[in-house]
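What follows is a set of notes on a single structure, which appears directly below.
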Amino acid sequence: MEPAPQSASPGDGAAEVLLSELERQVQDVVRASSWWERRGVDCAILAVSLLALPAGFLCLRFHSVLAFTTGITILGICHYTLTVKGSHLATHGALTESKRWNKILMIFFVEVCTAFPAEFGKFSHVNMHHGYTNVVGLGDSSTWKIPCLNRYIYMFLAPLLIPILTPLVALEHLRKEELRVALRTLGFMSLGLYSQYWLLLNVSGFKSPSSALACMLLARSLLAHPYLHVNIFQHIGLPMFSLDKKPRRIHMMSLGVLNLPRQPLLDWAFGHSLISCHVEHHLFPWLSDHMCLKVKPLVSKFLLDKQLPYNEDSYLARLQLFLSHYEEFMVHAPSITELVGLQ
């Protein structure tokens, strides 16, 4: 999709100069970093998550509350690390420089692990959300809104349905795909879902299909609440733009993106680029999670020195804000922000 034409304004040149200067500084840091820092740390986290899966399935064999809790915790954290962190990095091509391997990894993490069409996920996230961040009707995170639900059901009960809704949304989209792509995606989605179901029956020792399916739902919804919350906290409630009057990229990202504080569990399962370095990620989406964390001090200092916004807030503060302003943020259409002096 091509952006709507914009008339040049006196601030455009200055904004481009600022972004170029910041990009140069970030590139200097990247070039001075080792492969381990650029990609190795995040690849290792994903590898550990894959290797930990057998321990999770085996823990469920033992008939004790502690073993069951441990097994569900391992499977749940590994599931979100692979489906959120892995899918996110692979979608942005941040795991490897090889286009072929990146395509393979994207299919594995998005279709096999997440049960969602890889190309559609990439288009929705990379092309639309990143290309039109907070532009109303395009990249404004409105796909997360369910206006018919009240605030408490949406914030605390609806997340439990994400593991069920994800493949259903995928199936609805596959109806619009060409047959070859739809069959491939359906095959990989089925492989991922059936593999977990088979392992629960044959390795974990579940006696009935219903108990295995219930366990799948429990593990896949372990971090569903923060997953939903993070996706709305970091954009909705911030300035929104119209397509014909959207600001230049550096202003769009500094105004319309917010960082949350570091959380060890969420940093591991979701990645720094979705938690404490979301501003850095939107400015430089090709960076890995670890590199986003490494350039964070540079980016925050640069934006603040140039008197640009650098949005940060706590998880609890955002939760309270959304509960108190739910109708405004999640039900009504967002108002367009007038950026006097930037247009």
Exercise for review: Can you check what the net charge comes to around A170, using other residues whose Cβ is under 12 Å from the Cβ of A170 (Lys, Arg +1; Asp, Glu -1)?
Suggested key: -2
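Relative contact order (percent) for the stretch 134-266, with alpha-carbon contacts under 8 angstrom and 6 or more residues of separation? Kindly include the intermediate steps, with their values, before the conclusion.
Values: 76 pairs, mean separation 55.1, N = 133.
The normalised contact order for the stretch 134-266 reaches 41 percent.
Just need the relative contact order of the stretch 225-330 here, percent rounded to a whole number, with Cα pairs under 8 Å and 6+ apart.
Relative contact order for the stretch 225-330 comes out at 28 percent.
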Check your understanding: Where does helix 315-324 land angle-wise versus the long Cα axis of the chain, in degrees 0 to 90, nearest 10?
Key -> 80 degrees
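Order E16, E280 by their accessible area, 1.4 angstrom probe, all chains in place, largest first. Mind dumping the intermediate values first?
Numbers: E16 75, E280 0 Å².
Largest accessible area first, the list is E16, E280.
Counting other C-beta atoms within 10 Å, and keeping those with at most 14, which DSSP coil chymotrypsin sites (Phe, Trp or Tyr not before Pro) do you find in the stretch 269-305?
Numbers: sites: F270, W286, F302; in loops: F270, W286.
Passing both the DSSP loop test and the Cβ count: W286.
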Check your understanding: Given the options L105, L260, L323, which has the most mean-square fluctuation in a GNM of the chain, springs set between C-alpha atoms less than 10 angstrom apart?
Key -> L323
Practice item. DSSP loop (so not H, G, I, E, B), at most 12 other Cβ within 10 Å: list which GluC sites (Glu not before Pro) in the stretch 127-212 pass both filters. Key: E178
Review point. Where the centre of each part is set by its Cα atoms, how far does the stretch 206-276 sit from the stretch 280-332, in angstrom?
Key: 12 Å
Check your understanding: What is the helix-to-structure angle for 162-174, meaning the angle in degrees between its Cα long axis and the longest Cα principal axis of the chain, kept from 0 to 90 and rounded to the nearest 10?
Key -> 70 degrees
Check your understanding: Where only protein heavy atoms count, and the probe is 1.4 Å, what is the accessible area per residue for the chain in Å²?
Key -> 48 Å²
Exercise for review: Determine, for the stretch 88-191, the count of lysine pairs separated by eight or more sequence positions (or lying on different chains) whose alpha-carbon distance falls under 21 Å.
Suggested key: 4
Exercise for review: With all protein chains present, calculate the accessible area of L95 using a 1.4 Å probe and round the result to the nearest 10 Å².
Suggested key: 10 Å²
Review point. Taking the chain as a Gaussian network, where each spring joins two C-alpha atoms under 10 Å apart, which residue of R248, R175, R39 fluctuates the most?
Key: R175
Review point. Any idea what angle helix 224-233 forms with the longest principal axis of the chain, computed on alpha-carbon atoms, 0 to 90 degrees, nearest 10?
Key: 10 degrees
Revision key, fill the gap. Amide H proximity to F241 below 5 Å, modelled H, separation 5+ or other chain, gives V135, V136, T337
Revision key, fill the gap. From DSSP H assignment alone, runs of 4+ in the chain each adding -39500 (n - 2.57), the sum over residues rounded to the nearest 500 puts [θ] at 222 nm at -16500 deg cm²/dmol
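Roll a 1.4 angstrom probe over the protein heavy atoms and tell me the percent of accessible area of the chain that is carbon or sulfur.
Values: 10740 of 16410 Å².
C and S fraction of accessible area: 65 percent.
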**Study point:** Relative contact order, percent, the chain [alpha-carbon distance under 8 Å, six or more residues apart]
**Key:** 24 percent
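The values are calculated or read from the model by the stated rules, or taken from the named source; none is laboratory data. Note that this is a predicted model, so its numbers are computed, not measured. So basically every Cβ, Gly included, is an ideal-geometry build from the backbone, and we count neighbours across all protein chains shown. Each accessible area value is taken on the protein alone, full model and side chains, heavy atoms only, with ligands, DNA and RNA left out. Shrake-Rupley method; radii C 1.70, N 1.55, O 1.52, S 1.80 Å.
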